[in-house]
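The values are calculated or read from the model by the stated rules, or taken from the named source; none is laboratory data. The model shown is predicted, which means the values in this text are computed figures rather than measured ones. As a convention, Cβ positions derive from the backbone with ideal geometry for all residues, glycine included, and neighbour counts pool all protein chains shown. The protein model used for the area step is the full one, side chains on, heavy atoms only, and it has no ligands, DNA or RNA in it. Shrake-Rupley method; radii C 1.70, N 1.55, O 1.52, S 1.80 Å.
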Amino acid sequence: MASLNVGNLGEYLREQRRNAQLSLRQLADAAGVSNPYLSQIERGLRKPSADILQQLAKALRISAETLYVQAGILDERSPEAAGTRSVILADPSLSERQKQVLLQIYESFRKENGLDADADTDSAADHPHTPQDPQASN
């Protein structure tokens with residue numbers, strides 16, 4: 001599981017908040033979090049959940065995936081892989097622990113199948129006549 005890079009996340013959030021010309025209090029109110037909690041996130045003292053990041057992204061009118069990447073939850077990869085991860089992270093019916101376990105399983109399957117950031121660009125969509133399952137050619 002990726003560790004959260006909360007220092008860079010906090011700096012990035014502060015920069016986005018200032019670009020949006022919002023005070024700490026205004027962003028906290030818009031995102032539904034307390035002022036002290038948001039301040040702690042910006043100073044790198046707290047690790048916000050994916051749900052909190054999503055609320056902050058909505059309040060800042062930026063992509064939640066951008067914040068997930070900044071937080072180290074998502075790697076910058078192919079749109080397909082990022083899409084799968086963001087759907088898992090955005091599912092309100094799953095707990096944070098369940099989301100993290102699903103992401104770990106997903107990553108382990110991708111690694112087992114030899115898919116990484118470089119392999120993502122060489123997908124079945126690029127080669128529609130190439131069987132993806134070795135058993136399929138038998």
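One table, with the values for the structure above:
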read-out: In region 28-43, the residues that are in contact with a Gly (Cβ under 8 Å, 6 or more places away or on another chain) and either open to solvent by 20 Å² or more (accessible area, probe 1.4 Å) or farther than 12 Å from residue 9 by Cβ (or both); value: 43
read-out: Index of the failed condition, residue 62 passing every other in (1) at pLDDT 90 or above; (2) crowded, with 16+ Cβ neighbours inside 10 Å; value: (1)
